[in-house]
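The values are calculated or read from the model by the stated rules, or taken from the named source; none is laboratory data. Just so it is clear, the structure is predicted and the values come from calculations on it, not from any experiment. Glycine gets a Cβ as well: all are built from the backbone with ideal geometry, and neighbour counts include every protein chain shown. For accessibility, only protein heavy atoms count, side chains too; no ligands or nucleic acids. Shrake-Rupley method; radii C 1.70, N 1.55, O 1.52, S 1.80 Å.
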Amino acid sequence: MKRLLVEHLPISLLIGILGWLSGGGLICIPLALVFGWCIDADHLYDFGYYWFRHQNNKDWSIIRTGEYFSINKKIFIPLHSWELSLILVTGLWFFTQNWILAVTTSLSHMAHLIQDMRTYHVRILGYSFISRSWHAFEQRSFCSSSVS
């Protein structure tokens, strides 16, 4: 549980502070934390999918292990996508005209994805929402260790 709470916190905080010190404003810190640290909340969507499919035989303990991915044989995690990084950088720059904020937020999000890719052996296109949807969110197309 401790790893879950601190795994992405240091890099997100560092990126946010660097954005703030570079002139992007204090808002860089909370946005870097939201999009670099808190996006793991989207795992609740995948756990909810498991929960609704196995209402008679639920195991609440697997929420910590991620075993529900293997049981579901699907991986949705909608906030884990390269497309969101692109939307963040273009959207924030367009609406705020603050390129430092846009880059900081997007960089924090990408750092989360890269850190997960290294830790969990996720294929590059595994974090593409378009690619996951094209493959019907099947788990086998997500991680390099599960690709046949």
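Listing for the model above:
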item	result
Exclusive hit being on the phi > 0 side of the Ramachandran plot and modelled with pLDDT of 95 or more, set GLY36, GLY25, GLY19, GLY66	GLY25
Answer from ARG123, ARG140, ARG53 - the residue that is open to solvent by 50 Å² or more (accessible area, probe 1.4 Å) and closer than 23 Å to HIS8 by Cα	ARG123
The listed residue being open to solvent by 10 Å² or more (accessible area, probe 1.4 Å) and without any contact (Cβ under 8 Å) to a residue 24 or more places away in the chain, out of MET117, MET110	MET117
Positions within the stretch 14-30 being closer than 21 Å to LEU84 by Cα and open to solvent by less than 40 Å² (accessible area, probe 1.4 Å), in sequence order	ILE15, GLY16, GLY19, GLY24, CYS28, ILE29
Filter result for the condition that a residue is open to solvent by less than 70 Å² (accessible area, probe 1.4 Å), outside any helix (DSSP H, G or I) and in contact (Cβ under 8 Å) with a residue 40 or more places away in the chain, over PHE69, PHE76	PHE76
Subset of the stretch 124-138 that is in contact with a Phe, Trp or Tyr (Cβ under 6 Å, 6 or more places away or on another chain) and not hydrophobic (A, V, I, L, M, F, W, C) - its residue that is farthest from ILE87 (Cα to Cα)	GLY126
Selection within the stretch 2-13 - touching a helix residue (DSSP H, G or I) at 6+ places or on another chain (Cβ under 6 Å), in a helix (DSSP H, G or I) and either open to solvent by 70 Å² or more (accessible area, probe 1.4 Å) or not small (Gly, Ala, Ser) (or both)	ILE11
In the stretch 83-101, the residues that are of a type in the set (A, V, I, L, M, F, W, C) and surrounded by fewer than 18 Cβ atoms within 10 Å (Cβ to Cβ)	LEU86, ILE87, TRP93, PHE94, PHE95, TRP99
Considering residues of the stretch 126-137 that are surrounded by fewer than 15 Cβ atoms within 10 Å (Cβ to Cβ) and free of Cβ contacts under 8 Å to residues at least 40 places away in the same chain only, the residue farthest from TYR68 (Cα to Cα)	TRP134
